[in-house]
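Below is one structure, written out as structure tokens; the observations come after it.
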């Protein structure tokens with residue numbers, strides 16, 4: 001490799017490193033302080049780079065915020081997809097196993113000290129009080145994930161139409177997102193529910209509705 005090519009590779013690696021540092025710091029500071037109370041100077045100082053780096057890599061504070069969410073959601077959905085694929089490629093995939101995989105992946109961060117909790121809380125705040133007009137979740141990434149759940153349901157229950165499967169996905173997502181938003185509040189208002197118990201309950205409860213939609217009778221135990 002000649003010197004020019006070597007310099008270019010090192011420059012690209014350095015630029016990628018700066019970009020990732022900015023995203024890592026942005027995730028930490030935005031989660032702790034919120035969008036309005038976190039300045040570009042706060043981010044660049046903590047990332048040990050100059051102020052111009054934000055404009056160079058992202059264009060603005062707003063776009064950095066959007067990219068931070070996009071990167072985080074890519075990681076979240078990638079883990080969801082991998083867990084769904086693991087269930088559906090097993091020797092005996094069941095609806096309960098599928099629903100437990102989806103629910104556990106979403107709620108396991110609530111179980112204790114988890115690095116995703118600050119971002120989870122930021123997502124809750126953003127959903128209740130959006131800071132930007134732009135959508136923070138890539139619709140392409142979300143569509144791909146939801147279609148994967150639909151396909152899994154239709155494979156488990158061939159009688160389900162695509163429309164019925166998507167309606168089931170609406171219900172499944174609602175059952176998962178609500179605890180993500182209000183888990184701490186419900187524990188304080190009523191009684192503490194261990195996450196593992198909640199995951200199994202949601203899976204069993206939701207499974208009954210999916211079977212009803214698919215025209216299958218619930219199997220009594």
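Within region 176-198, is there a residue that is in a loop (DSSP other than H, G, I, E, B) and more than 30 Å from residue 28 (Cα to Cα)? First the steps, then the outcome.
Applying the first criterion (in a loop (DSSP other than H, G, I, E, B)) to region 176-198 yields 190-194.
Applying the additional criterion that residues be more than 30 Å from residue 28 (Cα to Cα) yields 190-191.
Yes, region 176-198 has at least one match.
Please determine, by comparing only the residues of region 153-168 that are part of a helix (DSSP H, G or I) and either outside the structural domain of residue 93 (by TED's automatic domain parsing) or crowded, with 19+ Cβ neighbours inside 10 Å (or both), which one is farthest from the chain's Cα centre (by Cα). Looking at the filtered set, the residue picked out is 156. Using the structure shown, decide if residue 207 is assigned to a helix (DSSP H, G or I) and surrounded by 16 or more Cβ atoms within 10 Å (Cβ to Cβ). Yes; evaluated as a whole, the condition is true for this residue. With respect to residue 149, is the statement that it is in contact (Cβ under 8 Å) with a residue 60 or more places away in the chain, assigned by TED's automatic domain parsing to the domain that holds residue 93 and over 19 Å from residue 67 (Cα atoms) true? Considered against the rule, which asks whether it is in contact (Cβ under 8 Å) with a residue 60 or more places away in the chain, assigned by TED's automatic domain parsing to the domain that holds residue 93 and over 19 Å from residue 67 (Cα atoms), residue 149 comes out as yes. Counting only residues that are in contact (Cβ under 8 Å) with a residue 40 or more places away in the chain and touching a helix residue (DSSP H, G or I) at 6+ places or on another chain (Cβ under 8 Å), region 57-68 holds 5 of them.
Under the condition of being exposed (fewer than 10 other Cβ atoms within 10 Å of the Cβ) and out of contact with any helix residue (DSSP H, G or I) (no Cβ under 9 Å at 6 or more places or on another chain), which residue from region 1-12 is modelled with the lowest pLDDT?
Here the residue is 5.
Scan region 177-186 and give yes if some residue there is in contact (Cβ under 8 Å) with a residue 40 or more places away in the chain, over 19 Å from the mean Cα position of the chain (by Cα) and within 20 Å of residue 84 (Cα to Cα), otherwise no. Checked against the condition, which is being in contact (Cβ under 8 Å) with a residue 40 or more places away in the chain, over 19 Å from the mean Cα position of the chain (by Cα) and within 20 Å of residue 84 (Cα to Cα), region 177-186 yields no hits at all.
Of all residues in region 94-143, those being closer than 25 Å to residue 203 by Cα and either in a helix (DSSP H, G or I) or at pLDDT 80 or above (or both) number 28.
Just to check your reading of the model, which residue among 26, 36 is closer than 25 Å to residue 122 by Cα, over 16 Å from the mean Cα position of the chain (by Cα), surrounded by 15 or more Cβ atoms within 10 Å (Cβ to Cβ) and not assigned by TED's automatic domain parsing to the domain that holds residue 150?
Numbers: 36 fails: surrounded by 15 or more Cβ atoms within 10 Å (Cβ to Cβ).
The match here is 26.
Filtering region 123-145 to residues that are buried (at least 16 other Cβ atoms within 10 Å of the Cβ) and over 12 Å from the mean Cα position of the chain (by Cα) leaves only 126.
Among all positions in region 197-204, there is no residue which is without any contact (Cβ under 8 Å) to a residue 24 or more places away in the chain, under 20 Å from residue 82 (Cβ atoms) and surrounded by fewer than 18 Cβ atoms within 10 Å (Cβ to Cβ).
The values are calculated or read from the model by the stated rules, or taken from the named source; none is laboratory data. Predicted model, so just to flag it, every value in this text is computed and none were measured. Methodologically, a virtual Cβ is constructed for each residue, glycine included, from the backbone with ideal geometry; neighbour enumeration extends over all protein chains shown.
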